[in-house]
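We did not get these values from a lab; they are worked out from the coordinates using the rules stated. Since this is a predicted model, take the numbers as computed values, not measurements. Using ideal geometry, Cβ is built from the backbone for each residue, glycine included, and neighbour counts are taken over all protein chains shown.
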Amino acid sequence: MKLNMKAMALALGLLWGVWGMFLTGLVNLIWDGYGQDFLDAMASVYPGYTASASFGQVIIGTLYGTLDGAVAGAALAWLYNRFAAGESGAG
């Protein structure tokens, strides 16, 4: 079975961007300090993202997270397909 690279990239991009970054950043705007350690860790990885409590930073983090998740999803699908292609049908 092969994984669809586009579908995996889209799924992980949306999962990481929307669920991971957008919702955490949005809740952080509502409840000060929520997920701040996570957001600070992401700020150390994403250039230009400062994890400050502003809607602009939430959008920047979401864009970075979506791109990051999409690249990771495509890489995961590619890797899976490479390993799965090497299997013999006998199992």
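Among the candidates Y49, Y64, single out the residue that is closer than 14 Å to M21 by Cβ and without any contact (Cβ under 8 Å) to a residue 40 or more places away in the chain.
Y49
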Could you list, in sequence order, the residues of the range 45-91 that are closer than 27 Å to L29 by Cα and of a type in the set (D, E)? D68
Any idea which of (1) over 30 Å from E87 (Cα atoms); (2) out of contact with any helix residue (DSSP H, G or I) (no Cβ under 6 Å at 6 or more places or on another chain); (3) not hydrophobic (A, V, I, L, M, F, W, C) is the one G61 doesn't satisfy? (2)
